[in-house]
Ligand SMILES: Cc1cc2nc3c(=O)[nH]c(=O)nc-3n(C[C@H](O)[C@H](O)[C@H](O)COP(=O)(O)OP(=O)(O)OC[C@H]3O[C@@H](n4cnc5c(N)ncnc54)[C@H](O)[C@@H]3O)c2cc1C
């Protein structure tokens with residue numbers, strides 16, 4: 001089975017609508033305002049996005065109040081959000097936690113939480129990585145302790161997307177059945193959630209610690225394979241976001257190269273600059289192919305989806321970083337200033353490269369999967 | 001933008017099966033099969049009816065290929081020597097040729113009966129092909145041609161050549177060119193092999209001395225040769241940068257992976273092996289990106305003749321291909337020092353029969369990828385200027401008569 005990369009007219013409309021919305025709600029001033037706050041996003045915008053545009057519940061089935069869309073629509077949304085550096089708990093709530101609920105959670109939890117998320121009443125987060133620095137599931141060491149009434153968690157989870165603000169906290173830990181999904185109440189005993197000052201201030205990350213914190217197991221059986229899919233789905237979405245950002249960097253660089261004059265000519269007429277832009281274009285086009293392939297593969301449930309997701313995360317991570325770095329160079333001294341948004345993309349690019357595993361990590365995953 | 005006829009995939013599959021009922025690739029040779037394929041409009045389905053096509057969207061060509069593959073173990077693919085004729089000759093004849101030329105030339109291009117070559121480059125004009133110096137001078141109903149072409153691939157096998165010549169030296173270079181279909185058997189055409197880095201001669205020098213070409217073999221109008229040439233060059237980039245393998249992990253990647261499986265331990269330290277493994281994975285990714293990008297371009301392709309975006313794949317493919325074969329030599333390790341086939345100068349290249357021999361051959365051959373069909377630097381100029389809209393460089397050759405421009 002395979003897919004082609006065709007977008008319908010409805011898809012193009014969706015793209016235009018999102019772009020219009022983000023131009024109004026996530027212009028540079030809005031990004032700068034939100035990135036300086038601890039919460040990191042504007043609740044009113046989130047609410048509007050959820051209620052009027054159905055974006056929070058994009059992947060959530062209609063029976064739970066969602067839009068019931070799939071990965072082709074998500075790819076468009078992520079690309080546009082990446083382009084606009086949109087500050088919102090979107091990746092954590094609408095992608096990572098939503099996929100975890102869809103893939104792993106029992107019926108009751110799914111129904112309850114997905115309804116809340118789709119309506120924009122709750123943000124959510126999945127805590128999985130730990131201080132050992134590993135992004136693979138085998139690196140998860142936290143053991144859930146069985147108690148009379150349920151479970152207790154002890155230990156630390158790192159790089160939790162919007163973990164300091166999320167209304168719903170989902171945690172991956174080991175139980176007798178293998179990797180399991182737990183739900184922890186935001187005000188539970190022994191829970192502490194702290195914002196981590198991060199390289200990329202447009203996306204908030206938290207450190208969450210547990211000390212005998214009560215938790216409810218909301219999955220049945222070993223979730224290793226389901227979680228592998230959850231992470232891959234998140235990588236595919238993140239790859240689309242990276243491509244949106246890379247495309248924006250290319251546009252910023254070429255626009256600047258057309259207007260900045262030195263030695264009496266636009267700098268873009270010099271091949272040293274022009275060829276950098278051309279190389280960026282090629283890389284961005286290739287990265288689009290990778291991100292689109294991963295999202296179309298998710299949408300059409302291809303057997304090789306895990307491979308494609310690893311390939312996309314490896315490729316798009318490097319492309320975005322390279323585009324963001326070249327964007328600084330092409331802007332010269334201006335590119336190094338706080339005033340221009342160039343550095344915001346550079347930071348987002350590096351952070352999203354490292355988040356969920358860097359390019360080398362995903363090349364290794366891919367090599368294992370295809371037998372290299 | 002071309003309007004396409006609507007035909008269901010299923011109907012096209014039925015038509016393909018009807019062709020197979022009439023002639024089956026397992027039973028006949030390539031030429032008779034492809035003649036019939038042309039008659040059925042299944043040569044290039046995006047060409048108009050009566051010219052080897054059905055007026056469909058270009059993406060639907062894959063359906064024909066797919067259906068043939070389903071029903072036949074033998075597939076008569078485009079013959080390698082016909083790539084220039086099929087990739088560039090056919091679209092240019094279709095776009096600019098007279099009715100008579102189309103009827104006469106197109107069927108034989110597709111069937112492989114007649115090979116075509118591209119007579120553009122000259123010793124003094126490669127990247128700057130519009131600066132070329134071969135002349136055509138009008139004489140009654142004919143033109144008389146003099147000059148020299150170089151790097152002409154398959155000229156020694158060709159029946160026809162796509163020729164660009166200067167018909168007016170007194171105007172700026174782009175305005176003084178005309179485009180002809182040259183009969184390679186005409187008196188005064190001399191083809192000499194030009195040996196290359198691998199020892200073979202895929203290409204030639206072509207000398208033209210007082211060659212007569214009838215006026216009705218001109219494509220487009222007098223002085224409009226550059227426009228016609230652009231159609232050829234855009235198609236060339238797509239023909240060359242076609243995206244490599246159609247199959248995941250196929251083509252060059254499959255060869256590299258095979259080599260890697262055989263050689264991975266090869267006395268290397270664990271650290272060295274890990275580094276090489278990462279490079280092999282990168283190469284795998286890069287070739288996948290080419291395949292996926294070609295697939296994406298096909299989905300987006302609406303009209304028959306490609307635009308400057310074709311340069312994306314051309315540039316990417318050239319650079320990726322060179323890296324892949326450099327890596328293959330590194331995987332070979334010290335065996336990369338030998339070259340068993342030797343450098344006997346010859347015109348026909350034997351196909352390397354082991355993956356090691358292929359790697360050594362391709363290591364050399366792939367250097368041409370970033371030169372043939374426009375160098376990578378020229379591709380970057382095209383992408384920068386025509387796709388991204390960056391300003392051109394100051395030019396010294398645009399406004400003045402061609403004969404005033406300095407040449408090497
Ligand atoms: C295997 C092979 C097959 C070929 N087959 C054919 C064929 O069938 N028919 C045909 O007509 N031609 C053919 N060619 C010729 C090919 O198109 C030319 O070699 C190519 O266009 C480069 O021209 P050149 O060799 O004169 O190099 P030059 O144009 O002299 O270039 C030399 C170097 O200068 C750089 N350069 C030139 N101009 C610029 C610029 N404006 N900006 C930046 N850098 C620049 C080039 O990128 C290159 O690195 C073939 C070539 C090869 C290698």
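Tabulated results
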item: Residues being surrounded by fewer than 24 Cβ atoms within 10 Å (Cβ to Cβ) and not in a helix (DSSP H, G or I) - total across the range A:80-104; result: 0
item: Residue, farthest from the other protein chains (Cβ to nearest Cβ), within the range A:356-372, restricted to residues that are part of a helix (DSSP H, G or I) and over 16 Å from residue A:305 (Cβ atoms); result: A:361
item: Options B:219, B:145, B:182; residue that is surrounded by 22 or more Cβ atoms within 10 Å (Cβ to Cβ) and under 19 Å from the mean Cα position of the chain (by Cα); result: B:182
item: In the range B:342-384, residue nearest to residue A:269 (Cα to Cα) [restricted to those that are without any contact (Cβ under 8 Å) to a residue 60 or more places away in the chain and away from the ligand (no atom under 16 Å from the Cβ)]; result: B:360
item: Spans of strands (runs of 3 or more DSSP E) in the range B:114-159 with at least 1 residues near the ligand (Cβ under 8 Å from one of its atoms); result: B:116-119, B:142-153
item: Failed item, numbered, when residue B:367 is tested on (1) within 12 Å of chain A (Cβ to nearest Cβ); (2) under 26 Å from residue B:192 (Cα atoms); result: (1)
item: The range B:385-408 - residue that is part of a helix (DSSP H, G or I) and within 14 Å of the ligand (Cβ to nearest atom) and, of those, farthest from residue A:260 (Cα to Cα); result: B:386
item: Answer from B:92, B:64 - the residue that is away from chain A (no Cβ under 14 Å), buried (at least 19 other Cβ atoms within 10 Å of the Cβ) and closer than 18 Å to residue B:15 by Cα; result: B:64
item: Conditions (1) part of a helix (DSSP H, G or I); (2) at pLDDT below 95; (3) within 23 Å of residue A:284 (Cβ to Cβ): number failed by residue B:261; result: (3)
item: Which listed residue, of A:277, A:315, is within 16 Å of residue A:241 (Cβ to Cβ) and at the interface with another protein chain (Cβ under 7 Å from one of its Cβ atoms); result: A:315
item: Which listed residue, of B:206, B:238, is in contact with a strand residue (DSSP E or B) (Cβ under 7 Å, 6 or more places away or on another chain) and crowded, with 21+ Cβ neighbours inside 10 Å; result: B:206
item: Verdict on residue B:162 being modelled with pLDDT under 95, touching a strand residue (DSSP E or B) at 6+ places or on another chain (Cβ under 8 Å) and not assigned by TED's automatic domain parsing to the domain that holds residue B:14; result: no
item: Residue in the range A:234-245 that is free of Cβ contacts under 8 Å to residues at least 60 places away in the same chain and in contact with a helix residue (DSSP H, G or I) (Cβ under 8 Å, 6 or more places away or on another chain) present; result: no
item: Selection within the range B:67-80 - touching a residue at least 40 places away in the same chain (Cβ under 8 Å) and in a helix (DSSP H, G or I); result: B:67, B:68, B:71
item: Check on residue A:295, at pLDDT 95 or above, crowded, with 24+ Cβ neighbours inside 10 Å and within 17 Å of the chain's Cα centre (by Cα); result: yes
item: Filtered residue count, the range A:323-334, keeping only those that are away from every other protein chain (no Cβ under 14 Å) and either surrounded by fewer than 24 Cβ atoms within 10 Å (Cβ to Cβ) or under 15 Å from the mean Cα position of the chain (by Cα) (or both); result: 7
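For every residue, the table says whether it meets (1) outside the structural domain of residue A:295 (by TED's automatic domain parsing); (2) in contact with a helix residue (DSSP H, G or I) (Cβ under 7 Å, 6 or more places away or on another chain); (3) under 22 Å from residue A:343 (Cβ atoms).
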residue	(1), (2), (3)
A:36	yes, no, yes
A:47	yes, no, no
A:64	yes, yes, no
A:89	yes, no, no
A:99	yes, yes, no
A:108	yes, no, no
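The values are calculated or read from the model by the stated rules, or taken from the named source; none is laboratory data. This structure is a prediction, so every number in the text was calculated from the model and none was measured. Note that each Cβ is placed from the backbone with ideal geometry, even for glycine, and that neighbours are counted across all protein chains shown.
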